[in-house]
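Asks: I'd like to ask you about the structure that follows.
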Amino acid sequence: MVNQQSPQDQWQQLKPDAEHALSNLLSEISSHSDPQSLFEAYTYAKDITARAMQARMLMHLPPENPQFRSLHSKIEQQMRSRYQKTVPERLLRAPYGGKTHERLFSLLQENLSRPVPAAMLRIVTGDHVHTERRTRELRELGFDVDWHEVEGINVYELRSLDLDFDMIPAVVRNKVRQTKSLSKNEKLRVLKNAGISEDG
């Protein structure tokens with residue numbers, strides 16, 4: 001079931017539980033509890049505080065980001081403008097336009113031209129496995145997202161709001177490759193007709 005609560009309501013609901021969980025964890029650590037009790041206290045505190053911190057960060061991000069929608073739409077317009085005569089219509093919808101990518105963009109935009117630690121991005125998405133890949137997918141679309149390390153910490157930076165339309169052929173190539181409704185030969189034929197290299 002989708003949670004319909006606002007980030008503010010979620011924060012107010014989760015904050016007391018997070019405080020209690022962290023207090024309990026500190027108590028378990030101080031009392032030199034047996035490993036099982038300590039582990040249970042830690043895992044509960046980790047889960048509840050992660051959800052509370054996500055709600056707290058989302059309070060400062062817009063629920064909708066018109067800038068992201070506009071830029072994403074421009075990418076799709078470019079895809080259609082270049083390839084509508086050679087590539088099936090269903091393959092000319094720009095990928096990576098969901099809420100996760102929008103939230104990542106919003107956080108990066110809020111810190112425009114400043115590095116954002118990957119850990120902060122993971123808090124916003126609530127995903128410790130796929131977040132960095134999702135951020136790199138923005139770059140695959142043509143967003144001006146840079147990745148580097150600062151003192152051994154992975155950081156991402158939205159350097160500008162400019163789009164790199166040179167990425168469009170690669171976006172279309174990936175869409176063609178990933179579709180399951182075309183055979184391998186059909187995919188090769190679509191790419192050839194579109195003038196897109198199959199390599200890359």
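Asks: Suppose all protein chains stay in the model; what accessible area per residue would a 1.4 Å probe give for the chain, in Å²?
Replies: I get 60 Å² per residue for the chain.
Asks: If each DSSP helix of 4+ residues adds -39,500 (n - 2.57) and the sum is divided by the residues in the chain, what number results at 222 nm, nearest 500 deg cm²/dmol?
Replies: So the calculated ellipticity at 222 nm is -19500 deg cm²/dmol.
Asks: Could you size up the charge dipole of the stretch 91-193 around its Cα centre, putting +1 on the beta carbon of Lys and Arg and -1 on that of Asp and Glu, and report it in debye to the nearest 20?
Replies: The calculated dipole for the stretch 91-193 is roughly 880 debye.
Asks: Using only the alpha-carbon atoms, how far is helix 131-141 inclined from the longest principal axis of the chain? Give it as 0 to 90 degrees, nearest 10.
Replies: Computed tilt is about 20 degrees.
Asks: A further question follows. Quick check: pseudo-label points 7 Å beyond the Cα along Cα→Cβ at residue 4 and residue 34, how many nm apart are they?
Replies: The two pseudo-label positions are separated by 4.5 nm.
Asks: Hey, another quick one. Going through the cross-link list 85/187; 85/180; 85/192; 99/192; 99/184, which pairs have a Cα-Cα distance over 24 Å in this structure?
Replies: 99/192; 99/184, as the Cα separations exceed 24 Å there.
Asks: Tell me, what is the FRET efficiency for residue 165 and residue 15 to the nearest 0.05, using R0 = 45 angstrom and their Cβ-Cβ distance as r?
Replies: 0.50
Asks: Using a 1.4 Å probe on the protein chains only, how many percent of the accessible area of the chain belongs to carbon and sulfur?
Replies: Answer for the chain: carbon and sulfur cover 51 percent of the accessible area.
Asks: Where does helix 99-110 land angle-wise versus the long Cα axis of the chain, in degrees 0 to 90, nearest 10?
Replies: 80
Asks: What does the charge count near residue 73 come to, summing +1 for each Lys or Arg and -1 for each Asp or Glu among other residues with Cβ under 13 Å from its Cβ?
Replies: That works out to +2.
Asks: Of all GluC sites (Glu not before Pro) in the stretch 113-188, which ones are in loop regions per DSSP and have a Cβ with at most 15 other Cβ atoms within 10 Å?
Replies: Qualifying residues, ordered by number: 151.
Asks: Taking only Cα atoms, what is the 0 to 90° angle, nearest 10, from helix 35-58's long axis to the longest principal axis of the chain?
Replies: 50
The values are calculated or read from the model by the stated rules, or taken from the named source; none is laboratory data. Keep in mind that this is a model prediction, so the values were computed, not measured. All Cβ positions, even for glycine, are placed from backbone atoms using ideal geometry, and neighbour counts span all protein chains on display. Note: accessible area is taken over every heavy atom of the protein model, side chains too, but ligands, DNA and RNA are not part of it. Shrake-Rupley method; radii C 1.70, N 1.55, O 1.52, S 1.80 Å.
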